[in-house]
1. Please go through the range C:36-54 and pick out each residue that is outside any strand (DSSP E or B) and touching a residue at least 40 places away in the same chain (Cβ under 8 Å).
2. Taking the range D:118-139 as the region of interest, how many residues are in contact (Cβ under 8 Å) with a residue 40 or more places away in the chain, over 25 Å from the mean Cα position of the chain (by Cα) and either closer than 22 Å to residue B:107 by Cα or surrounded by fewer than 18 Cβ atoms within 10 Å (Cβ to Cβ) (or both)?
3. Answer yes or no as to whether residue A:95 is surrounded by fewer than 21 Cβ atoms within 10 Å (Cβ to Cβ), touching a strand residue (DSSP E or B) at 6+ places or on another chain (Cβ under 6 Å) and facing another protein chain (nearest Cβ under 9 Å).
4. Do you know which residues across the range D:68-90 are closer than 17 Å to residue D:190 by Cα and more than 17 Å from the chain's Cα centre (by Cα)?
5. How many residues are in contact with a helix residue (DSSP H, G or I) (Cβ under 6 Å, 6 or more places away or on another chain) and either surrounded by fewer than 22 Cβ atoms within 10 Å (Cβ to Cβ) or within 14 Å of chain A (Cβ to nearest Cβ) (or both) if we restrict to the range C:146-178?
6. Please give the number of the condition residue C:2 fails out of (1) within 11 Å of chain D (Cβ to nearest Cβ); (2) more than 27 Å from residue A:124 (Cβ to Cβ); (3) at pLDDT 95 or above.
7. Would a scan of the range B:39-56 turn up a residue that is under 23 Å from the mean Cα position of the chain (by Cα) and either surrounded by 20 or more Cβ atoms within 10 Å (Cβ to Cβ) or at pLDDT 95 or above (or both)?
8. Filter the range D:232-248 for residues that are more than 9 Å from chain C (Cβ to nearest Cβ) and either closer than 21 Å to residue D:146 by Cβ or free of Cβ contacts under 8 Å to residues at least 60 places away in the same chain (or both) and give the result.
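The values are calculated or read from the model by the stated rules, or taken from the named source; none is laboratory data. The model shown is predicted, which means the values in this text are computed figures rather than measured ones. Quick reminder, even Gly has a Cβ in these numbers, built from the backbone with ideal geometry, and neighbours come from all protein chains shown.
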């Protein structure tokens, strides 16, 4: 009985790129980290140490910088397609390519009320993401957001759940609800105004989180996903991953004081983790 | 056109447990972090905020401690099964459970050459891992290792690969090969002496890495996987994920010096990432 | 020849507090992490295991929550003084107290253009900090900012420096200058409008970074410090710590391309680190 | 009223070096990260942007690799002196230099019971450290250890401390004591067998932690420091920093179970932090 290669993939991770485009009036700054992964006809590489079909990951890295040098990077959803196409076109042994990107978002520094043309400050804790999956038969474009930390101090309840021998959690109509939203969504077409849509979806996620009376993280997740699908017809499906960043009311009773739902201990571990994919029917 | 829940899962992550078993001669220490995820009949939770089928993640956490209190934890592969079975048995609405565990490994502090009965020092940078996936129809047990950092300063080459317009990497017969091995393997049966087998597989991974002349990360990964499958008949398949922690020869020429393959800059980013699953044929 | 305790300090670190103040129109949210350190008459604790003068760090933690329960937290510079005074008043054995705080800054989620009364989003990557050092003779108040990431793509030079046998860095009149500012400053008086001043100083740091033509990180640091001292008479001295987050021009020449100062590799290590204290003369 | 530079320092941080020495029988591997900081006559750099006295941090980095190329690195305490002397000798404008180093410790991979000549595995979670502070008048050598995680499940008590209105911590004669030791010590002379002494001091720290009945972290810290000073006459003073990594007994009572001091929740925050310097009298 022998062994065989069941699946394999390889590539370069964390290729960091800052691309400055020096316009006449102002500079433009893109700050991204790129991960590349390919699959294909690489069996002999593994089984015989035959490197003839290996595009080195070092060359993948160089290619990111070379393509970024020949044109402005544009939207990450577009740059990802440029990269994926390049690798497919030049490497017949590659069957599919996945390009994942994380973008840090910068704002212009305001100087006397005016945005400065070439000085920037990191603007937001969250990251904009995109992932392109491509084969010769076609490609899919996924956009996303990561590390979007939100909290509501009202209109969040949790009750009516199962009680068993190990239940200690009290029911509540008014708890803190905090989470770090990670969202990914698929576009059904390519001609999307990516930046504007991304900002719009971010806004919808925030608004629906704020406005919704939450009976559970699960319900809120579904409402947020639904709001995005309602507002943006070009979104086919959306995946949300929402850790429950518990804020425990501090027990003041032993100190002779009362906690009027005001004093909380935020914790990182353990944490709930709620995930779902919601799509058009 | 409506929307629908396409898939969902939820649970508790990073439930940290230290379990001391106080034997007559010595204490025994287990130090683990547990992640629990379940899938099942949770559609109404999402769509209607109806929590009647929700086992709170807080109760999942309590259950970990309750079960750890009633018997010694034993091997993580065993404790994971105890947990998975508990959740399936008590929750008809749950279809499948996944229990993931990371264990920190401790050694007894040597005092005058003798291992101390109740004083410990963290022994190794790597982690032991396990994952149990269970449904009512059956379960699979996966064991693993994470963060196993290895380096060889000889018998690693990389040449004969594709050269294109963006190639700059020079071929070499003698480079540093460093990687942080992440491995996961499936057992075909349950009556495995888990600790002994885990230590054995760790040893086989290390030995095969050391002894093998590497033509590429891909080839070495395959050889390491094959060595495990050869040595341990109870392993059905093994997945290895091996980032290439590049060690770049520092360019001493501009300093008027020669680098005789002795002076290197270790880097964390960018890094190659090579992954594969190897299984019995 | 004996041994002696030369110095000692102890306390509690990372006491995380979220304090909600539920106003009629809107909720107010403070999210801080507190570190407490005390020094004093603790020799016997160390040398004899005599705990009679030990205020447990667990009680220090409780005290943070107890004091936060009895009044709104207010500015961190004020809450730090409340804490420091409490520990000094109740613990004659304590000679000095140091309270360090980090505050995460939140913004109200905008809903249809209006700030929501009780839903928040993490607003900025940087942190607001404060440190109170207090003895029975008096106290000093330090405010600060941490993790303020800025970048300018123009008007930064570095030339005219020492060249020796190990120099390879080319001189330049136009490099990227990126840094993560950490600043701490002392107030000469207590009746400062802390939030407004903090925002003002942040603005002055950003503006002076943006507007200044930089001949070196050192010079820019000094200009930024000077701008703060100029604008805010209540600031006695300011300390700036500015790592040089190098953005290396990617060498496109071997790829047959030209880098017109547009394509950069941002790096985390190694990094320059420039620090100074600037004060009134 | 003007402003003035009160103090300043600059240098390069996180210069990572792997140095392979290829002996006939075996390779030797040093894996270190170096931080360099200098102070001196740099006022004009700050105040006038005059770079004539600036040794660029890029050149500092090159110097690390250049000196590592010209001889085996040896002990970090020795390599630090080589670096410090180089910078002082070649830079009259520099008044003092501080070289800080962290070393990752590797072990040879055992192959059939024999240590492999050129294949290594990361051996320990802790780091070996050293710091050289040098002026033209002299220098001091500090060695150290960092991230040494230890735990004892017996012979640790905490009682007899202050009780006040905010006390909730119960007294105990048997708690878990876990800490991550950070230690630094000064050598009174230069001709110390650095590696052997470092291993010896590590052993003394571990043994005294294990054997000592602890009445408090403070007392144990003092005993550990004293044991090092007793055993190693060349150590003048030692600084220990010991966070109390609390292991909270999980409250099983509401679950209808008893915690017989067996089930614990290890926590990272908040944590106690106990620090002291102990020296010869």
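1. Hits for the range C:36-54 are C:41, C:42, C:46, C:47, C:53.
2. Residues flagged as in contact (Cβ under 8 Å) with a residue 40 or more places away in the chain, over 25 Å from the mean Cα position of the chain (by Cα) and either closer than 22 Å to residue B:107 by Cα or surrounded by fewer than 18 Cβ atoms within 10 Å (Cβ to Cβ) (or both) within the range D:118-139 amount to 1.
3. On the way: surrounded by fewer than 21 Cβ atoms within 10 Å (Cβ to Cβ): yes; touching a strand residue (DSSP E or B) at 6+ places or on another chain (Cβ under 6 Å): yes; facing another protein chain (nearest Cβ under 9 Å): no.
No.
4. D:73, D:74, D:81, D:82, D:83, D:84, D:85
5. Kept after step one, since they are in contact with a helix residue (DSSP H, G or I) (Cβ under 6 Å, 6 or more places away or on another chain), are these residues of the range C:146-178: C:150, C:166-169.
With the extra rule that they be either surrounded by fewer than 22 Cβ atoms within 10 Å (Cβ to Cβ) or within 14 Å of chain A (Cβ to nearest Cβ) (or both), the set shrinks to C:150, C:167-169.
Within the range C:146-178, residues that are in contact with a helix residue (DSSP H, G or I) (Cβ under 6 Å, 6 or more places away or on another chain) and either surrounded by fewer than 22 Cβ atoms within 10 Å (Cβ to Cβ) or within 14 Å of chain A (Cβ to nearest Cβ) (or both) number 4.
6. Exception for residue C:2: condition (3).
7. yes
8. D:232, D:233, D:234, D:235, D:236, D:238, D:240, D:241, D:242, D:245, D:248, listed by residue number.
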